[in-house]
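The values are calculated or read from the model by the stated rules, or taken from the named source; none is laboratory data. Remember, predicted model here, so these are calculated numbers, not experimental data. Don't worry about glycine lacking a Cβ; one is built from the backbone with ideal geometry, like all the others, and counts go over all protein chains shown.
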Amino acid sequence: MKQLVAFDLDGTLAESKQPLKDEMGEALADLLGVAQVAVISGGDWPQFEKQVASRLPDRADRSKLWLMPTTGTKLYAFKDGAWSAVYAELFDDATRAKIKTAFDEALEATGFVPEQTWGERVEDRGSQITFSALGQQAPLEAKEKWDPDHAKRKVIKADLEKRLPGLSINMGGATSIDITQKGVDKAYGLKKLRDASGISLDAMMFVGDAIFPGGNDYPAKELGLDTVRVRDPDETLSVIATVVTCQHA
């Protein structure tokens with residue numbers, strides 16, 4: 001019996017940067033009836049609010065839901081009828097500027113400058129800086145075609161690691177690379193969640209679509225959590241249904 005089920009967001013609970021579908025909102029409400037739930041991803045709080053918080057049905061027990069933007073460097077909980085930050089860990093200005101310069105240099109060096117972009121490619125999320133190859137507003141179809149096997153981002157990631165040796169660099173979403181303080185990844189976020197919730201890591205499980213070496217969900221597996229790798233949100237629905245059934249048994 002698991003006390004808490006943690007999820008990645010994009011590619012796991014929803015399509016990239018899209019709101020949860022009604023069916024997923026209902027499934028999470030069912031799950032919140034039998035366990036605590038956490039969502040940890042690279043997006044900042046406004047994205048979480050749009051994709052998750054605003055998409056849950058009224059019956060969902062939000063008091064049992066933990067939302068963890070920017071790879072767990074921020075934590076939000078629902079208290080007194082509203083979402084509030086439990087903590088937030090932010091970059092200093094010098095590090096922020098260094099990261100933005102490194103992105104431009106890495107793209108030029110690796111030759112993966114896309115022909116077309118939609119919106120800003122670099123988003124400063126305070127505690128995390130995220131590079132989206134095709135831009136923050138790129139259509140899902142274009143994003144899915146750009147790097148389906150992660151090959152381009154693996155090359156960019158390797159280049160960035162040479163330029164930013166003191167930072168943590170991970171692939172996320174369909175076209176993104178997330179940069180946080182050294183040691184900050186989903187394992188770090190899950191340990192922070194353990195401390196905030198009082199739930200041991202042994203009593204947690206993690207569900208994500210990027211549980212592979214270099215993927216930003218892989219640290220959860222390395223941490224020793226029971227993990228389930230899914231292909232897409234439809235498969236996640238099946239996982240949730242199974243967990244709810246087992247928790248009722």
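Flag set for P148, criterion: exposed (fewer than 11 other Cβ atoms within 10 Å of the Cβ) and either at pLDDT below 90 or not in a helix (DSSP H, G or I) (or both). Being of a type in the set (A, V, I, L, M), outside any helix (DSSP H, G or I), touching a residue at least 40 places away in the same chain (Cβ under 8 Å) and buried (at least 22 other Cβ atoms within 10 Å of the Cβ) is true of L134. Across the stretch 46-72, the qualifying residues are those that are modelled with pLDDT under 95 and more than 23 Å from G198 (Cα to Cα), and the one among them that is surrounded by the most Cβ atoms within 10 Å (Cβ to Cβ) is Q47.
Close contacts from the stretch 226-249, counting a first residue that is without any contact (Cβ under 8 Å) to a residue 60 or more places away in the chain and a second that is among the basic types (K, R), with Cβ to Cβ under 8 Å and a gap of 6+ residues or different chains, come to T227/K221.
Kindly check whether there is at least one residue in the stretch 188-205 that is in contact with an Asp or Glu (Cβ under 9 Å, 6 or more places away or on another chain), within 22 Å of P148 (Cα to Cα) and in contact (Cβ under 8 Å) with a residue 60 or more places away in the chain. Checked against the condition, which is being in contact with an Asp or Glu (Cβ under 9 Å, 6 or more places away or on another chain), within 22 Å of P148 (Cα to Cα) and in contact (Cβ under 8 Å) with a residue 60 or more places away in the chain, the stretch 188-205 yields no hits at all.
Counting only strands (runs of 3 or more DSSP E) that sit wholly inside the stretch 164-247, those with at least 3 residues that are buried (at least 23 other Cβ atoms within 10 Å of the Cβ) and not aliphatic (A, V, I, L, M) are 176-181.
For the stretch 80-110, a tally of residues being free of Cβ contacts under 8 Å to residues at least 12 places away in the same chain and either of a type outside the set (A, V, I, L, M) or surrounded by 14 or more Cβ atoms within 10 Å (Cβ to Cβ) (or both) returns 8.
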